[in-house]
Amino acid sequence: MATSELIEALQALAHERKIDEFYLIERLEQSLAKSYERILDLEWDARVTIDRQTGRIYVYELVPVGEPDEETGEYSEFEERDVTPADVSRIAAQNAKGVIASIVREAGRQSIYEEFAGRVGDLVTGTVLQGTPEFTIIKIRDGVEAELPHYDAKRNPGERNERPAGEHYRHNQRLKVLIIDVRDPNSDAPKMRGEQARPAIVVSRTHPDLIRRLFEIEVPEIYDGMVEIKSIAREPGARSKIAVASREANLDPVGACVGPKGSRVRMVVEELRNERVDVIQWAEDPKVYVANALSPAKVTRVLIDEDTHYATVVVPDDQLSLAIGKEGQNARLAARLTGWHIDIKSASFTGEPLAPVDNMLIDEEDADDEAGLCAHVSEDGVRCRNHARPGSRFCGIHADLDEA
């Protein structure tokens, strides 16, 4: 390859891959210097320069001058000795292909990192290119690919699994995914297995913020800030709960998210492959918030222990299984959503009236007489199951409390 042809090829490659031409030449010089040290069997380090106009290559051996530094033992001054071989262009051409491929790959990853490092948390739409047992490659746009990992956590404990259970993708299928990481090619952190051959961008379909971004698209009130998503709890592929609050007095946040005839939440559910999404209203009062979080179950009463951060919830007998959910799913998601440890008990166990209350907490003073039960509540929050005596709010055992 003629030297001028080398420059023309580098310029064309830099333009095609959108890489700085001078950066590409500098990296080629550094790589060729290591190659010539080995080929020429030099005693000292080498430096290679490529003329930017003619493409002519010069090789210099850096011979140290003077005495080394007493502390570091390194030389500070060097004399350049020209050791350019006669067939320097041929040797450069032989090594340039692999060197340039490596440089282009690294420069491409650096360019992607600079473009997408600030977009972590953004929702993007991509097209499925190919799938393997361990990850799916998704094309975000021309020249930019992302990795959706779904490794077996038992076999690969250090890897991610960002695919919901039960989801499988087809070639050319369009997916909305969340950017969760962009690998820095210059990072000193230990490299992941096969990282150099994998895309720099990592995306997720399991992250809770995926639901947040989907609702921002479907619900203008969330995008405009009138409705705020306070908390999200998710079991990917199965069920999710989101707590919303309104910043406008006359705006129903749950209704805004659900939409007319459920149209807005339905679009989110379809994108999540029919994952169930419960929208509940956030409340500053933890009692009301916990009761709402257990929806669709009807809650009779909530007892809050601020010290231990435990919430004891009383539900009618016929609502107990609904409040707990299949394999404890509803209670588990409610606990994650609210941040409270939730203990659910049936009304028959605690002596509460069996009639469900539509997620409204009972005012004990108003409910005692109507319920016809003794008003005594133990230190553990358990109400006496005995009926109150006529004309009294307490049973015979606790009648002395009337006098007090």
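How much length, in nm to one decimal, is gained on full extension between ASP224 and ASP122, taken as 0.36 nm per residue of separation minus their Cα-Cα distance?
35.0 nm
Show me the three semi-axes of the equivalent ellipsoid for the range 20-156, from the C-alpha gyration tensor (sqrt of 5 times each eigenvalue), largest first, rounded to whole Å.
Rounded to whole Å, the semi-axes are 42, 20, 16.
So what's the range 137-265 giving for Rg/Rh, alpha carbon basis, Kirkwood Rh from the mean inverse pair distance? Display every interim value, and only then the final one.
Values: Rg = 17.8 Å, Rh = 17.0 Å.
Checking Rg against Rh, the ratio lands at 1.05.
Here is the link list: LYS97/LYS139; LYS154/LYS298; LYS261/LYS298; LYS97/LYS176; LYS34/LYS139. Which ones come out longer than 29 Å on Cα distance?
The answer is LYS154/LYS298; LYS97/LYS176; LYS34/LYS139.
What percentages make up the Cα-Cα pair-distance distribution of the range 13-56 when the bins are 5 Å wide from 0?
5, 21, 24, 21, 15, 9, 4, 1
Roughly how many Å² is the accessible area per residue of the range 45-188, as a whole number, for a 1.4 Å probe? Each step should come with its number before you reach the end.
Values: 8480 Å² over 144 residues.
I get 59 Å² per residue for this part.
Taking K and R as +1 and D and E as -1, what net charge do the other residues with C-beta under 12 Å from the C-beta of GLU228 add up to?
-1
Could you give the radius of gyration (one decimal) and Dmax (whole number) of the Cα atoms in the range 24-94, in Å?
In order Rg, Dmax, the Cα atoms of the range 24-94 give 13.5, 43 Å.
For the range 268-345, would you read off the P(r) tail past 21 Å as a percentage of all alpha carbon pairs?
Value for the range 268-345 (Cα pairs over 21 Å): 24 percent.
Carbon and sulfur together cover what percent of the accessible area of the range 10-156 at a 1.4 Å probe radius?
45 percent
With label points built 7 Å along Cα→Cβ from the Cα atoms of SER348 and ASP69, find their separation and express it in nm.
About 8.3 nm, to one decimal.
What is the range 104-190 by shape, rounded, prolate or oblate, if you read a ≥ b ≥ c off the alpha carbon gyration tensor as root eigenvalues and call it rounded for a/c under 1.5, prolate for a/b larger than b/c, and oblate otherwise?
oblate
Using a probe of 1.4 angstrom, how much of the accessible area of the range 157-276 is carbon and sulfur, in percent?
47 percent
Describe numerically, in nm with one decimal, the distance between label points set 7 Å from Cα along Cα→Cβ at ASN156 and at GLU115.
Distance between label points: 2.5 nm.
Would you kindly state how much longer the chain becomes between ILE39 and ARG170 on full extension, computed as 0.36 nm times their sequence separation minus their alpha carbon distance, in nm to one decimal?
42.2 nm
Hey, what D do you get for the range 226-300 in µm²/s if you plug the Kirkwood alpha-carbon radius into Stokes-Einstein at 25 °C and 0.890 mPa s?
190 µm²/s
May I ask you to rank GLU21, GLU115 by accessible area, largest first, using a 1.4 Å probe over the protein chains only?
GLU115, GLU21
The values are calculated or read from the model by the stated rules, or taken from the named source; none is laboratory data. Not measured: the values here are computed from a predicted model. Counting neighbours? That spans all protein chains shown, and the Cβs are built from the backbone with ideal geometry, glycine included. Side chains included, ligands, DNA and RNA excluded: accessible areas come from the protein's heavy atoms. Shrake-Rupley method; radii C 1.70, N 1.55, O 1.52, S 1.80 Å.
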